[in-house]
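Each value in this text was obtained by applying a stated rule to the coordinates, not by laboratory testing. What you are looking at is a predicted structure, and each value in this text was computed from that prediction instead of being measured. Note that each Cβ is placed from the backbone with ideal geometry, even for glycine, and that neighbours are counted across all protein chains shown.
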Amino acid sequence: MRVDQVIPSLASRDAIGVHTVNLTQALRRAGIESDIFYGTCTPDMADVGRPIGMLGRHIRERTLLYQASIGSSVFDVLMARDEPKLVNYHNITPAELLAPWEPAVAYEASLGRAQLERLASRSSLAVADSRFNELELIGAGFTRTAVAPLLIDMTRAGPSPDPQTTERLGAAKAGGGIDLLFVGKISPHKAPHDLVKVLSVYRRVFDPLARLRLVGSPLGERYGPALVAFVHDLGLDDVVEITGSVDPSVLEAYFRDADVFVCASEHEGFCVPIVEAMGHGLPVVAYGASAVPETVGDAGLLLATKDPLRFAAAIHRVATDAELRGRLSEAARRRVDAFGLAASAARFVDLVREAAGARPPPR
């Protein structure tokens, strides 16, 4: 048995990239031959997989597993192949949330959803990383679906925090004020601009020394500068930090320094940073959109509105109520255990092993 993975882009600081590498290793440990074939990759991942052009001739006992997250020309290569196909779906952001800011990315998202629908009749199984995503698969026409968590270690285990970042963040905290943290793509659909509004209100009403750290790489070229300008217009340049992409050790320093993890995203298929925050013992305050309630469970405060005052009041509650923080911390430990890497890998391998020999349903 052989199951090779096909992915549009393989990147080391990307949840899907990490998941794909871990899945390959899990398949190999289970005695299933597996390699990764990518359309593009970051330089540090070039030797982890192979370019899609090296997929080679048809192999009789091979199944191809497609990591679906965006529109890509890699899809056309996949569809031209005769091998049985499996799909691992990571959600595709609705184009309308991106189009006003990044029309090129919106086009790729729209293309990705169209390609996903074309895969429905050619796939033996589609695996989603949340029930929310599974429902999208069913809506796209897939008849055999399952849910398996991402193969990512989302517990506190990780690199030692970067000493310089730790020192800098500690010096700021020594002057008073809490630190709010968001980790994720700096993108319009993740709405960090709404978190900036929340900070502005929080500082006026509850804590004039509070700070906000936005950790993640920008999406496209328009939204990031607009966000910086918005921060400036509100007079928050000194207390809102937009870091860009950071090394794992630097990210670890931000997680350990933070007091509350905040998320105002309009659309999430899972949201790995929320689980990572829970793994670090951080209370979570989040807007309850899309898959966020499913991911958070009972381990955070979920809001039905992004009204800045209500959001700020929720943050203040978890920041000052020790009993509540204790309950959320205990719930977070249970929640993180549900996404354990070993158990998730075993489930995923079992799903693949069962489906790999099955022919696609009739067209």
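Solvent-free Debye calculation, one equal scatterer per alpha-carbon of segment 1-59: log10 I(q)/I(0) at 0.21 Å⁻¹ equals -0.76.
From helices alone, the chain scores -13000 deg cm²/dmol at 222 nm; the rule is -39500 (n - 2.57) for each run of n ≥ 4 DSSP H residues, then divide by the residue total. When restricted to Cα atoms, segment 283-363 yields an Rg and a Dmax of 18.7, 58 Å, respectively.
Working from Cα pairs under 8 Å separated by at least six residues, relative contact order for the chain is 17 percent. The average projected area of the chain, computed from the convex hull of its Cα atoms over all directions, is 17.5 nm². Rg and Dmax of segment 236-333, based on Cα coordinates, read 13.3, 35 Å.
Pair-distance distribution of segment 115-231: all C-alpha pairs, bin width 5 Å, starting at 0; shares per bin in whole percent are 2, 9, 12, 12, 13, 15, 13, 9, 7, 5, 3, 0. Take the Cβ atoms of Arg222 and Arg353, set R0 to 41 Å, and the FRET efficiency comes out at 0.35. Dipole magnitude for the chain: computed about the Cα centre from +1 point charges on Lys and Arg Cβ and -1 point charges on Asp and Glu Cβ, it is near 860 debye. So if the hydrodynamic radius of segment 163-337 is defined as the Kirkwood radius over C-alpha pairs, what does Stokes-Einstein give as its diffusion coefficient at 20 °C and 1.002 mPa s, in µm² per second? Reported coefficient: 134 µm²/s. Taking Lys and Arg as +1 and Asp and Glu as -1, the other residues whose beta-carbon sits under 10 Å from that of Ala289 total -1.
The longest stretch of the chain left intact once loop-based GluC sites (Glu not before Pro) with at most 12 other Cβ atoms within 10 Å are removed from consideration, loops following DSSP, is 62-220. Entry for segment 28-112 at q = 0.15 Å⁻¹: log10 I(q)/I(0) = -0.68, Debye formula applied to identical alpha-carbon scatterers, no solvent contribution. The overall shape of segment 180-264 is oblate: from the C-alpha gyration tensor, with semi-axes ordered a ≥ b ≥ c, the ratio a/c is 1.5 or greater and a/b is no larger than b/c. Site pair Lys173 and Glu33 shows an inter-label distance of 5.1 nm when each label is modelled 7 Å from Cα along Cα→Cβ. Partners of Lys173 within straight-line reach, counting lysines whose Cα lies under 30 Å from its Cα and excluding those fewer than 8 residues away in the same chain: Lys185, Lys190, Lys197, Lys306.
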